[in-house]
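One structure is given here, and the rest of the page talks about it.
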Amino acid sequence: MNEIANALRSAKRILMSLHRQPDGDSIGSTLAIALGLRRLGKHVTVATPDPVPRVYDFLPGVDTIVPWAEVQDGAYDLVALYDCADERRTGAPRPFAAYAPKVLQVDHHATNSRYGDVVFVDPLAAASAELAYRTLELLGVTVDRELALLLYVGLETDTGGFRYASTTPGSHRLAARLLDAGIDPGEVSQLVYERQSEGGLRLLGLALHSLRVRRDLSLAYFVLSDEDFARAGATVQDAETIGIVDYARRLAGIEVAALLRSEGPGEVKLSLRSKGHVDVAKLAARIGGGGHERAAGANVKTDLAQAERMLLELLSPQ
């Protein structure tokens, strides 16, 4: 982490990126580092491959994020990535060498591909926001309410409101520090979880109606087609922010929950969740994905029917 901090300290123009379908941790940790670096006099550009979900529009700095198409080649000293386990997930249209001579990345996914010149991965961290906080400490940046809000959103969303098994005593100690900086946890939770769109709720209803249970595989899963999205008047962002797959995990007597979601012709997003006895990151890795032991996913080039067969094969005894 000292090497990470030194690289950030020595750079003048820094490019950062969210990952595909950015979530609260990607957005919160990246914007926190960007804001901290700007206070140190750095020029920081934050790019995104996909639009930022509307539920995060209250975060400071979210209006400064630009699409990758607006990023200039060769204009930076350093590319710095937080919460991007695989460089493909950044959606960068060209190799990072086209933008800067050096790449660093900080992450908490055990399946991280270790790309970059300077890499720090801590799979025991519940969120990349924890690592962003450590970075800001090393840089000597005071974590005020603005920074605390960004870090708290990253920490809260990646721990499922501090419900997931990845939550540690350190997670709660950090949360307490962020609350001391002036964060109102009730207000943040309302902004993140209680501003869903009508289309998102209708999509959730269709997902619940599609519930399929395989007790022999200890599996419960939902299937959503393009037609379901059209019928609900929902977007991919709605599916992400409402946390549909977590509803399958609530079913008693099952170990693995999944969501199969069409992402247009010939592509399916598979989201996997586990209650602890199955390492879904290893399952996702078998089909080109990755993630955490209890939360992982993959994008596969196929249709929903084939993706469903693939899911069942992943869970079937070898």
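The values are calculated or read from the model by the stated rules, or taken from the named source; none is laboratory data. Just so you know, these numbers come straight off a predicted model, no measurement behind them. Heads up, the Cβs are rebuilt from the backbone with ideal geometry, glycines too, and the neighbour counts pull from every protein chain shown.
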VAL106 - would you say it is without any contact (Cβ under 8 Å) to a residue 40 or more places away in the chain and either surrounded by fewer than 22 Cβ atoms within 10 Å (Cβ to Cβ) or of a type outside the set (S, T, N, Q) (or both)? no
Kindly indicate whether any position in the range 152-174 is more than 26 Å from GLY297 (Cα to Cα), touching a residue at least 12 places away in the same chain (Cβ under 8 Å), among the hydrophobic types (A, V, I, L, M, F, W, C) and assigned to a helix (DSSP H, G or I). yes
Positions within the range 9-20 being surrounded by fewer than 23 Cβ atoms within 10 Å (Cβ to Cβ) and either hydrophobic (A, V, I, L, M, F, W, C) or in a loop (DSSP other than H, G, I, E, B) (or both), in sequence order: ALA11, LYS12, ARG20
Does any residue of the range 282-293 turn out to be outside any loop (DSSP other than H, G, I, E, B) and β-branched (Val, Ile, Thr)? no
Go through the residues of the range 127-138 one by one and say whether even a single one is β-branched (Val, Ile, Thr), under 24 Å from ASP184 (Cβ atoms) and either free of Cβ contacts under 8 Å to residues at least 12 places away in the same chain or buried (at least 18 other Cβ atoms within 10 Å of the Cβ) (or both). no
I'm trying to understand the selection: among the residues of the range 216-253, which are assigned to a loop (DSSP other than H, G, I, E, B), of a type in the set (A, V, I, L, M, F, W, C) and either modelled with pLDDT under 95 or under 23 Å from the mean Cα position of the chain (by Cα) (or both)? ALA234
With the checklist (1) part of a helix (DSSP H, G or I); (2) more than 20 Å from HIS109 (Cα to Cα) in hand, flag the one item PRO265 doesn't pass. (1)
Among the residues that make up the range 181-197, is at least one of them without any contact (Cβ under 8 Å) to a residue 12 or more places away in the chain and outside any helix (DSSP H, G or I)? yes
Every residue from the range 139-164 that is of a type in the set (Asp, Glu) and surrounded by fewer than 24 Cβ atoms within 10 Å (Cβ to Cβ): ASP144, GLU146
Residue list for the range 46-67, filter: in contact with a strand residue (DSSP E or B) (Cβ under 8 Å, 6 or more places away or on another chain), surrounded by 17 or more Cβ atoms within 10 Å (Cβ to Cβ) and either in the same structural domain as THR241 (by TED's automatic domain parsing) or farther than 20 Å from LYS12 by Cβ (or both): THR48, PRO49, ILE65
Cβ-Cβ distance below 8 Å, separation of 6 or more or different chains: which pairs start in the range 32-55 with a residue that is of a type in the set (Asp, Glu) and end on one that is surrounded by 21 or more Cβ atoms within 10 Å (Cβ to Cβ)? ASP50/LEU18; ASP50/GLN21; ASP50/PRO22
Top-ranked residue in the range 121-180 [being at pLDDT below 95 and aromatic (Phe, Trp, Tyr); ranked as nearest to ARG38 (Cα to Cα)]: PHE162
Please go through the range 257-273 and give me each residue that is more than 14 Å from GLY289 (Cβ to Cβ) and either touching a His at 6+ places or on another chain (Cβ under 9 Å) or of a type in the set (A, V, I, L, M) (or both), ordered by number. ALA257
Condition broken by ASP63, with the remaining ones in (1) at pLDDT below 95; (2) outside any loop (DSSP other than H, G, I, E, B); (3) not aromatic (Phe, Trp, Tyr) satisfied: (1)
